[in-house]
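Below is one structure, written out as structure tokens; comments come after it.
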Amino acid sequence: AVGCLVVAAVVLWRLRRRQPLLVFGLIWFVVALAPSHLLPLTESMAEHRLYSPSLGFFVAVAGLLVAGLRRVAGRADRLRWMTTAVVVLVLVVLGLLTAARNRVWSDPVSLWGDAARKAPNTWAAQYSLGLALSQAGRCEEAISALERAVELLPGILEAHLELGECLAKTGRLGDAGEVLERARALEPGNPGVYRNLGTLALIRRRPEQARVFYRRVVELDPGDIQARMQLVFLAETVFDDPARALELCREIHSISPRTPGVGECIERNRGRVETAH
């Protein structure tokens, strides 16, 4: 790669007087693209990083076109018209391709669907397609993409969690349990695993098990509001424990006073405790 850059630099240096637009455009392209090569990227899709460098590329193309038109200047009108027709045709084709690409980028499902078709063995494309379908409420379709993501990189937790959630939403509770247990084996200290296990236990109507999982979430992440809210729900509706519900609501209020319903929760359970005494 370094050798190619050296050769390119020598060629550009020799062309700098005869083809200034070409040289300027190619230098722009290389310099504008350099940060994307030198700095690590955290983005799964980085198509936009080529937008600014591509300006230089098209300046270089324009330089070649100008040079070509100068050579045919003064020749037959027919040749000039042919050159113009070719330029117009190229612009039309590029415009149509741009419109097609805009349709692909119109929503996450079409974008990641395109990526997954073109890169079926890439984890990020498969997982992102599954996530986009799940967020669009299309879990039935998301399952195959998420299963493919798990197959490609079985050691990554996120795909397991999303797959387990979609399996549960589509009624495949046994499969969801197996996937979430594999997730727990991967990262036994991750609160998200126990949060999903707690939700699955609620769906299965296993409140004791759900309470154990949500308590584990709170142990691993003391600032978790969602798990405490679920524990409040269980304490009020299943275990008839207003004292515990009141304690949890006060904890939630101390962590996040603006949590919707937390004030009513405190008042409601305080009244129940006082009535019980």
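A few remarks follow.
- Wholly within segment 203-277, helices (runs of 4 or more DSSP H) carrying at least 3 residues that are among the basic types (K, R): 207-220, 262-276
- Residue within segment 194-206 that is open to solvent by 40 Å² or more (accessible area, probe 1.4 Å), over 19 Å from V150 (Cβ atoms) and of a type in the set (A, V, I, L, M, F, W, C) present: yes
- Sole exception among (1) in a helix (DSSP H, G or I); (2) within 25 Å of E141 (Cα to Cα) for G171, by number: (1)
- Qualifying residue in segment 17-30 (condition: under 36 Å from the mean Cα position of the chain (by Cα) and open to solvent by less than 40 Å² (accessible area, probe 1.4 Å)): yes
- Among the residues making up segment 227-277, those that are polar (S, T, N, Q), out of contact with any Gly (no Cβ under 9 Å at 6 or more places or on another chain) and surrounded by fewer than 19 Cβ atoms within 10 Å (Cβ to Cβ) are T237, S254, T259, T275.
- Which listed residue, of S106, S110, S128, is under 17 Å from the mean Cα position of the chain (by Cα) and in contact (Cβ under 8 Å) with a residue 40 or more places away in the chain: S128
- Of all residues in segment 133-148, those satisfying the criterion of being under 19 Å from N196 (Cα atoms) and buried (at least 16 other Cβ atoms within 10 Å of the Cβ) are L133, S134, C139, A142, I143, L146, E147.
The values are calculated or read from the model by the stated rules, or taken from the named source; none is laboratory data. Nothing here was measured: the structure is a model prediction, and the numbers come from that model. Virtual Cβ from ideal backbone geometry, glycine too; neighbours counted across all protein chains shown. Surface accessibility is based on the protein's heavy atoms, side chains included, excluding ligands, DNA and RNA. Shrake-Rupley method; radii C 1.70, N 1.55, O 1.52, S 1.80 Å.
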